[in-house]
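Colleague: Here you go, one structure.
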Protein chains: 2
Amino acid sequence: MTVTTAPTLATIVTPGLVLDLSRLRRNLDRMAARLGARGVPLRPHLKTAKSLPIARLAAPRDDSPITVSTLAEAEYFAGDGYRDIFYAAGLGPGKFARAAALSQAGVALVTMVDARATAEQLSQAAHAAGVGFRTVIEIDCGEHRGGMLPESDELIPTARALGLNFAGVATHGGQSYGARSEAETAAVADSEAQAVRTAANRLTAAGWPCAIVSLGSSPTALAGADLSGITEVRAGVYMFWDLFQAGIGACQLDDLALSVVAEVIGRPAGRNEFLVDAGAFALSKDLSTAALPPERQAGFGWVCDLEGRLLPGLAVRRVWQEHGLVTSAEPLPPEAFPIGSRVRILPNHACPMAAAYSHYNVVNGGQAVVAIWQRVNGW
Amino acid sequence: MTVTTAPTLATIVTPGLVLDLSRLRRNLDRMAARLGARGVPLRPHLKTAKSLPIARLAAPRDDSPITVSTLAEAEYFAGDGYRDIFYAAGLGPGKFARAAALSQAGVALVTMVDARATAEQLSQAAHAAGVGFRTVIEIDCGEHRGGMLPESDELIPTARALGLNFAGVATHGGQSYGARSEAETAAVADSEAQAVRTAANRLTAAGWPCAIVSLGSSPTALAGADLSGITEVRAGVYMFWDLFQAGIGACQLDDLALSVVAEVIGRPAGRNEFLVDAGAFALSKDLSTAALPPERQAGFGWVCDLEGRLLPGLAVRRVWQEHGLVTSAEPLPPEAFPIGSRVRILPNHACPMAAAYSHYNVVNGGQAVVAIWQRVNGW
C-alpha cells in the first residue's frame, strides 16, 4: 500500500495545502509591473507566504526589501541571507532583545513604534545593546488600528526620542478591505498616501527627513493613487489572492493561487450535501466573504475539481474541527462525489487558511506536485 | 539582553499559549470521578490537547483508550506506546494505507465508517494489507454531520460488509453545543445514548454483537444520561474548557485551563482601548460565544491579568492577523495597560486557539513556567 509514483493532488495527504506556481508567478509579475511602471519599489509582505522559495521569487536578492509579520519570520528569512527586513507591527519592549539580536546579526531591521514613551525605551535598549534600528513612526491613515494621526503633536517629539534610530514613517490602509468598489478603494489609497506624506512633510520641515515613507495593502497598491513622496509599497496577499479579494474586485477568481485538497468522507443519504476532511482547522473559521453581497458569499470556501475548475453552486457551509459540510445549490446526483473522491477548496482568506499547514504542495497548473515548500508558523 | 532567569509569563515569547496544570488536573479528576461513579470507561479525546504529557495525565497507560482527530495524532501517540486509539472521523479510502500501517505497527486502531460501500472497500484494503481493524459504524444521533440513522436499512448490510473488522457503533452528540440550558443538554445526552443503543440492539439482534458502543461530547458526558449498554464515553474539551463551554453552563470560568499571554503594543490616544500582539492567528477567528446572550459574548476573548484574574469589561473586539484590539466597557485611566505590559486572554473556543501553537507554556497556578510541552499539529 506504499505510494511509489510521483505525488499528485490525487495522492497527497488530505487536507493538504496547494500552491499553484503558475498563478503565483503571474500575480508577482503583475504587481511588479504595476509598481515598476510607477517607479516605486515594492517591499513584499511575506506574512501569508512564510516560505523561503516564495520569498526568493518575490524578492530575489539578499538585499531585496521584505516585510514580515512576526519576529519568527524575520529570523527565518535572515537565516537565509535577507538583510532588509521590515517588522510591520508595533515593536513592544518584550521584543526588543530579539530585534537587537537580529541587528547584531547584520540585519538592517526596520522597526515601528507609535508612542513617544516606546521610542524612548527603544532608543535606550538599542544604545545598551550597541545596535541601531531603522525605526519608523506608525501613522493612522484611517484604519484606527495602531499609529498616531499625521497631525499629532506627538509626531516630532517621537522622532526626537528615536534620535539616530529615526528612519521615517509608515502606514497601512487596511480599511481598503471595507471598500466595495474601485472608487472606494481608490479613495482609501489616496488617503493612505496623503496621511503618510503629511506626516513625512511635517517631520522633514522639523529637521527629521524621512528615508522611509512606506505604505501599502494589496488593494490600495493596485489602485493607482498619487505616490509622490512614497519610497516603498508593502503588499502581501496579492501573491495568492482569495475569495474576499476577488469579491471586492481586487483580483479575478482565476488569480487565486492557494487551495486545499480534501477527500470526501461522508455522503449522507437523502441530503444534498457531502462531508470532506477539511474543517475549521484546515480552512480556518474566517468568514470574510460573509460581509459581501450574497452572490459573493462563499461560506467557508467555494469548491473546485482537482484540476482547479470551479464547481458553481458548491460551498462549504458548516465546519467542525476536522469536518466540512459542502452544500450544493443544485440537486446532487447520487453518484456524484462518492466517498474517496477529492475536491479543492478556495479560501475566503488566504492568510489564516495557509497558517494551518507546515508546507505547500506546489503544482504548476496541473495536478502533479512538483515541489514541497516549507512554511514558518508561530512566533 | 539575554534572559538568564527561569521563564515566567512575564518573559516568554508573546503571543504564547499557557496551560494551567492545576486546572487541567482538576478538570481531569472531575470527569474521571463523574464517569467512574457510573462505571463507564472514558476514552479521552486528544484533539485539543495534541500533546504527550497531557495524554499521559488523561490516559496514563499504553493500553489506556484514547481518541484522536487526525492520523498525525494517531501516529504521534502510537510512537510513544499508545495501542488503543480511536480515529473519530469517517475513514476515507485515501487514509486506508496510513491506518493499515498503524495496525501493522501493533495499534488496535478503531476506525469509523458510515456507508456500506466504504465498509466493503475498507474490508478489501485490510485483507490486502493483512491487517484487521476494529471498525465502528457511525450513527447520526441528531447532529446531522456524518453517520447513518439508527433505523437505517443500511446498518446490518454495512456490518456484514465489514465482516471480521466489525466492532460496534459510535456517535457524537455535537448538537449539545447548541443547548442553552442543563435541561436541553440532558435531552441531547439522552438522545445520543438512545440512538447508539438502538443501533447496537438492532445489530446484536441480527447476529452482530457490539464490542464497542461509544458516544460522547464534553457537555453530554457530564449530563447524567442513562448510559446502560454504553461501553465508553469520548470527551475532549473538558480538559481545558473555554468561554463557550462556560457560557452554556458546562463549566465555570475558573475551570478554564488555557489562555494566551499577549503584550500591549499600542495605546491609541483618546481611545478607550489598547492593542495587543495577539490577533486572528494567536486567538483564532472563532466567535462561538457570539451565539450566546449578550452578557456572555466574549468577542475574540475576555482579558485577565498575568495571574489569571478576570478583568471584567475588557474583551478583544477586533482582530487582524497579528493585532488584537481590546476594548474596555469602562473608561480606561491613561496610565492603565501601558505599552509593554502583559495580559492573558481566555479563548472562545480552546481547540482552534491552541492549534496555532507549537507548544504549551505550563504553569501551576502562578506565573512561573514549570514546563514546555510540545503539540502535534497538522495532518
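Colleague: About the Cα centre of the protein assembly as shown, how large is the charge dipole given +1 on each Lys and Arg Cβ and -1 on each Asp and Glu Cβ? Please answer in debye to the nearest 20. Present the calculation step by step, with values, prior to reporting the outcome.
Modeller: On the way: 64 positive and 70 negative charges, 184 e Å.
Computed about the Cα centre, the dipole is about 880 debye.
Colleague: Another question about this same structure. Can you give the longest run of chain A that contains no trypsin sites (Lys or Arg not before Pro) sitting in a DSSP loop with at most 16 other Cβ atoms inside 10 Å?
Modeller: Numbers: sites that count: A:Arg38, A:Arg61, A:Arg180, A:Arg271, A:Arg309.
It runs A:62-179.
Colleague: Compute the helix-to-body angle for A:116-129: its Cα long axis versus the longest principal axis of chain A, expressed 0 to 90° and rounded to tens.
Modeller: Roughly 80 degrees between the two axes.
Colleague: Related question: I'd like the carbon and sulfur percentage of the solvent accessible area for the stretch A:199-336, probe radius 1.4 Å, heavy atoms only, ligands and nucleic acids excluded.
Modeller: On the way: 2570 of 4620 Å².
Whole-percent figure for carbon plus sulfur exposure: 56.
Colleague: Placing a label point 7 Å from Cα toward Cβ, how far apart in nm is B:Arg26 from its equivalents in the other copies, listed shortest first to one decimal?
Modeller: Values, ascending and in nm: 5.7.
Colleague: Another question about this same structure. Ignoring ligands, DNA and RNA and using a 1.4 Å probe, state the total buried accessible area between B and A in Å², rounded to the nearest 100. Provide the component values of the computation, followed by the final result.
Modeller: Values: alone 15390 and 15380 Å², together 26440 Å².
Chains B and A together bury roughly 4300 Å² of accessible area.
Colleague: Over 22 Å, how big is the tail of the calculated P(r) for the stretch A:273-347, in percent of all Cα pairs? Could you put the intermediate results ahead of the total?
Modeller: Values: 418 of 2775 pairs.
Value for the stretch A:273-347 (Cα pairs over 22 Å): 15 percent.
Colleague: To continue, here is another question. Taking a probe of 1.4 Å, how large is the accessible area per residue of the stretch A:43-191, in Å²? Before the final figure, lay out the partial values.
Modeller: Values: 4910 Å² over 149 residues.
Ligands and nucleic acids excluded, the figure is 33 Å² per residue.
Colleague: With the contact rule set at Cα under 8 Å and sequence spacing of 6 or more, what percent relative contact order holds for chain A? Could you put the intermediate results ahead of the total?
Modeller: Details: 841 pairs, mean separation 74.9, N = 379.
Relative contact order for chain A comes out at 20 percent.
Colleague: To continue, here is another question. Mind jotting down the distance between the C-alpha centroids of the stretch A:129-179 and the stretch B:45-99, whole Å?
Modeller: 48 Å
Colleague: Only Cα pairs within less than 10 Å get springs; with that Gaussian network setup on chain A, which residue of A:Ala183, A:Ala246, A:Ala350 has the largest fluctuation?
Modeller: A:Ala183
Colleague: What residue of chain B has the nearest C-beta to the axis that moves B onto A, and what is that distance in Å, given as a whole number?
Modeller: Residue of B nearest the axis onto A, distance in Å: B:Lys285, 2.
Colleague: Does the stretch B:109-169 come out rounded, prolate or oblate, given a ≥ b ≥ c as the square roots of the eigenvalues of its C-alpha gyration tensor, rounded meaning a/c under 1.5 and, failing that, prolate meaning a/b above b/c? Numbers along the way, then the final one.
Modeller: Details: a/c = 2.34, a/b = 1.89, b/c = 1.24.
Prolate is the answer for the stretch B:109-169, as a/c is 1.5 or above and a/b outweighs b/c.
Colleague: Out of all DSSP beta bridges in the protein assembly as shown, what portion is antiparallel? Express it as a percent rounded to 5. Before the final figure, lay out the partial values.
Modeller: Working: 58 of 115 bridges.
The antiparallel proportion sits near 50 percent.
Colleague: May I pose another question? Expressed as a rounded percentage, what relative contact order does the stretch B:23-92 have, with Cα pairs under 8 Å and six or more residues apart? List each step's numbers first, then the result.
Modeller: On the way: 70 pairs, mean separation 19.0, N = 70.
That works out to 27 percent.
Colleague: Using only alpha carbon pairs under 8 Å that are at least six residues apart, calculate the relative contact order of the stretch B:265-379 and give it in whole percent. Before the final figure, lay out each step's value.
Modeller: Working: 205 pairs, mean separation 30.9, N = 115.
Relative contact order comes out at 27 percent.
Colleague: For chain A, what is the calculated [θ] at 222 nm in deg cm²/dmol (nearest 500), taking -39500 (n - 2.57) for each run of four or more DSSP H residues and dividing by its residue count? Write down the numbers at each step before the final one.
Modeller: Numbers: 11 runs with 105 residues, N = 379.
Roughly -8000 deg cm²/dmol at 222 nm, from the helical runs in chain A.
Colleague: Continuing with this model, one more query. For the stretch B:274-372, run through the GluC sites (Glu not before Pro) and keep only the ones in DSSP coil with at most 16 other Cβ atoms within 10 Å of their Cβ. Mind showing how you got there, number by number?
Modeller: Numbers: sites: B:Glu295, B:Glu307, B:Glu322, B:Glu335; in loops: B:Glu307, B:Glu322, B:Glu335.
The qualifying sites are B:Glu307, B:Glu335.
Colleague: Here is a further query. In whole angstrom, note down how far apart the Cα centers of the stretch B:252-318 and the stretch A:7-41 are.
Modeller: Each part's Cα centre sits 35 Å from the other's.
The values are calculated or read from the model by the stated rules, or taken from the named source; none is laboratory data. What you are looking at is a predicted structure, and each value in this text was computed from that prediction instead of being measured. Neighbour counts run over all protein chains shown; Cβ positions are idealised from the backbone, glycine included. SASA here: full protein model, heavy atoms, side chains in, ligands and nucleic acids out. Shrake-Rupley method; radii C 1.70, N 1.55, O 1.52, S 1.80 Å.
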